[in-house]
1. Any chance the range 60-83 includes a residue that's modelled with pLDDT of 95 or more, crowded, with 21+ Cβ neighbours inside 10 Å and touching a Lys or Arg at 6+ places or on another chain (Cβ under 9 Å)?
2. Taking the range 139-151 as the search range and keeping residues that are at pLDDT 90 or above and assigned to a loop (DSSP other than H, G, I, E, B), which one is surrounded by the most Cβ atoms within 10 Å (Cβ to Cβ)?
3. Inside the range 55-138, counting only strands (runs of 3 or more DSSP E) that do not spill past its ends, which hold 3 or more residues that are farther than 25 Å from ASP194 by Cβ?
4. Looking only at the range 41-63, which residues are within 22 Å of GLN110 (Cα to Cα) and of a type outside the set (S, T, N, Q)?
5. Checking GLN45 against (1) without any contact (Cβ under 8 Å) to a residue 60 or more places away in the chain; (2) open to solvent by 30 Å² or more (accessible area, probe 1.4 Å); (3) in contact with a Pro (Cβ under 6 Å, 6 or more places away or on another chain); (4) among the polar types (S, T, N, Q), which test does it fail?
6. Which of the residues spanning the range 157-181 are surrounded by 14 or more Cβ atoms within 10 Å (Cβ to Cβ) and part of a helix (DSSP H, G or I)?
7. Give all pairs with beta carbons closer than 6 Å in which a residue from the range 286-301 that is touching a residue at least 12 places away in the same chain (Cβ under 8 Å) and farther than 17 Å from GLN231 by Cα meets a residue that is in a helix (DSSP H, G or I) and small (Gly, Ala, Ser); count only pairs at least 6 apart in sequence or on separate chains.
8. All but one of (1) β-branched (Val, Ile, Thr); (2) surrounded by fewer than 20 Cβ atoms within 10 Å (Cβ to Cβ); (3) modelled with pLDDT of 95 or more hold for VAL233; which doesn't?
Amino acid sequence: MHFNIVISGLGAIGGYYGAMLANYTHQLKTVHTHFFLRKGEHQRQIEAQGLHVVSPTLDFFAKPVTVATDIADLPVANILILATKGYSVAKNLEQLKPIINEQTLIVTTQNGLIIPEKVHKTFPHCPIIGAACHITCRKTPGLITVRSDQNLLKIGPLPTLMKRTSNKVWNSIEYLYTLMRAAGVKCKLYDDGDTVLREKFIMLSPSAVSTAYFDCNIGEVKLNHLIQLKQLVAELAKVYHAMGVKNSLFIEEEAFQAIDQMPNEATTSMHSDIKAGHTSELELLVGYVVKMAKKFNVDTPLYNEYYKALKERVLQGKVSL
């Protein structure tokens, strides 16, 4: 009997982690890696030659057991890595229902803080863990290009969804962690995935809103708009405090340290999507902060201003949110 890992969504994030797992597990007789993605040139390239991954030290073609565009072609998943964009999760979960049972460990990799709760509402009996992906990569048909090998994947159970993590679930989490490490992924396991996700969000949300609003890379933001970037981080920290989140006393400083580690030429996927006229994560990364600030009566003037301006920009471009 095979242990089945399914990666749903083969964009940059799903493509990289899926390829790393597929490249490693192809030598294992008991573990199979499967890809689930929509039809198109990306899918055809993967079927024809495998998924090509290139980084400063890697250059390989990963061939999963299955490249599926029809859910009927997939087995029930022991581990499901959910890697579609946050705005596509609801639709994707409906597609995935036939391969999910109460033992399926679901890993959420999306940006934003509300995705695990959405998954939990659809599959309340499934164990769900959060993954914070600290990596800069991009997808073109059949190819995942990774900017640096200094990447880190942080995973952990979510106390807000599971008050207690059973030994059985911990075994599944530790098995995934072991597989990731064996596959060459730099991975850390935490006992509180909620904190891990919040730490990434306070770095990512201000970066996304500032790069999108000023239409420039993060290096230019830090050089020309540092005061505004600091205010965005401070506003989000105030929202966290009002929500009752127990954060480090140095949460703002830690956020800036993470932002400083971003390559100066890097931007954010939200900025790229808005600029290209694509559906974006504006509601997940910016609208969420504005909504929570209103709910907890926190003053976030810069978030409010930039959210309104970006929303108008998106609507003028006739792009869905």
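1. Within the range 60-83, not a single residue is modelled with pLDDT of 95 or more, crowded, with 21+ Cβ neighbours inside 10 Å and touching a Lys or Arg at 6+ places or on another chain (Cβ under 9 Å).
2. As a first pass, look at the range 139-151 and keep what is at pLDDT 90 or above: 139-146, 151.
Those left that are additionally assigned to a loop (DSSP other than H, G, I, E, B): 141-142, 151.
Numbers: PRO141: 12, GLY142: 20, ASN151: 18.
Ranking the candidates gives GLY142 first.
3. Values: elements: 59-62, 66-68, 79-82, 105-108, 128-134.
Strands (runs of 3 or more DSSP E) meeting the threshold: 59-62, 66-68.
4. Residues satisfying the conditions are HIS42, LEU51, VAL53.
5. Evaluating GLN45 over (1) without any contact (Cβ under 8 Å) to a residue 60 or more places away in the chain; (2) open to solvent by 30 Å² or more (accessible area, probe 1.4 Å); (3) in contact with a Pro (Cβ under 6 Å, 6 or more places away or on another chain); (4) among the polar types (S, T, N, Q) leaves (1) as the failure.
6. Filtering the range 157-181 down to residues surrounded by 14 or more Cβ atoms within 10 Å (Cβ to Cβ) leaves 157-162, 165, 169-170, 172-173, 175-177, 179-181.
Residues satisfying the conditions are VAL169, TRP170, SER172, ILE173, TYR175, LEU176, TYR177, LEU179, MET180, ARG181.
7. PHE296/ALA242
8. Of the numbered conditions (1) β-branched (Val, Ile, Thr); (2) surrounded by fewer than 20 Cβ atoms within 10 Å (Cβ to Cβ); (3) modelled with pLDDT of 95 or more, the odd one out for VAL233 is (2).
The values are calculated or read from the model by the stated rules, or taken from the named source; none is laboratory data. Treat the numbers as computed from the prediction; the structure is a model and nothing was measured. Heads up, the Cβs are rebuilt from the backbone with ideal geometry, glycines too, and the neighbour counts pull from every protein chain shown. Accessible surface areas use protein heavy atoms only, side chains included; no ligands, DNA or RNA. Shrake-Rupley method; radii C 1.70, N 1.55, O 1.52, S 1.80 Å.
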